[in-house]
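Here the structure is laid out as structure tokens; the discussion comes afterwards.
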Ligand SMILES: [Mg+2]
Ligand SMILES: [Zn+2]
């Protein structure tokens, strides 16, 4: 049976973003954000598949190689494992924005590919990200819930379902929201 997933943007959600127009090109630049490991563990415990979906145009620009990106992701996977977190999938678009590919967010290609490969129920899934492109991609893929982590000074987001200040806050909201929805559904069925 298809499983619900949490689709997670990477930079600014799981780890500190590189400065504007720069990229995390080596494992030693990777800084997990406070509480991110524990928050992912909570999402996993709720029963959601964990799928990272990230735009990494730096590869297309030649600022890092696919191998560099792989090393960053191996480091991330290892650090998260120390929190008991197992990522079900990690999907990256490495194309240039100008290439117009189907996988660079705000397009939904990464999410759709993950859903097909991992047998995920998109309508019951949530997209968590810190940019409008994340919310748009979640909406285009049909994710029922979209949580935008707002950065200071950000404007309202028409595609977001709810906004939060950090991943741990988003996960706390989600746990309560999903429990309430489950109760409402079971009452509705009676
Ligand atoms: Mg981001
Ligand atoms: Zn792409």
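Brief remarks on what is shown
- Of the criteria (1) more than 13 Å from the chain's Cα centre (by Cα); (2) more than 15 Å from ligand 1 (Cβ to nearest atom); (3) surrounded by 13 or more Cβ atoms within 10 Å (Cβ to Cβ); (4) in a helix (DSSP H, G or I), which one residue 95 fails: (4)
- Listing of strands (runs of 3 or more DSSP E) fully contained in segment 115-185 that carry 3 or more residues being at pLDDT 95 or above and under 20 Å from residue 10 (Cβ atoms): 126-129
To keep it simple, each residue is scored yes or no on (1) crowded, with 19+ Cβ neighbours inside 10 Å; (2) part of a helix (DSSP H, G or I).
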| site | (1), (2) |
| --- | --- |
| 21 | no, no |
| 34 | no, no |
| 38 | no, yes |
| 41 | no, yes |
| 44 | yes, yes |
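- Taking the criterion of being crowded, with 19+ Cβ neighbours inside 10 Å, part of a loop (DSSP other than H, G, I, E, B) and more than 11 Å from ligand 1 (Cβ to nearest atom), the only residue of segment 1-19 that qualifies is 4.
- Scanning segment 142-172 for residues that are within 27 Å of residue 116 (Cα to Cα), surrounded by 19 or more Cβ atoms within 10 Å (Cβ to Cβ) and free of Cβ contacts under 8 Å to residues at least 40 places away in the same chain gives 145, 146, 147, 148, 160.
- For segment 50-79, residues that are free of Cβ contacts under 8 Å to residues at least 24 places away in the same chain and closer than 16 Å to residue 14 by Cβ total 3.
- Breaking point among (1) surrounded by fewer than 20 Cβ atoms within 10 Å (Cβ to Cβ); (2) assigned to a helix (DSSP H, G or I), for residue 72: (1)
- Conditions (1) farther than 20 Å from residue 16 by Cα; (2) surrounded by fewer than 18 Cβ atoms within 10 Å (Cβ to Cβ); (3) under 13 Å from the mean Cα position of the chain (by Cα): number failed by residue 138: (2)
The values are calculated or read from the model by the stated rules, or taken from the named source; none is laboratory data. In this text, all values refer to a predicted model and were calculated from it rather than measured experimentally. Every residue, glycine as well, gets a Cβ built from its backbone with ideal geometry; the counts of neighbours run over all protein chains shown.
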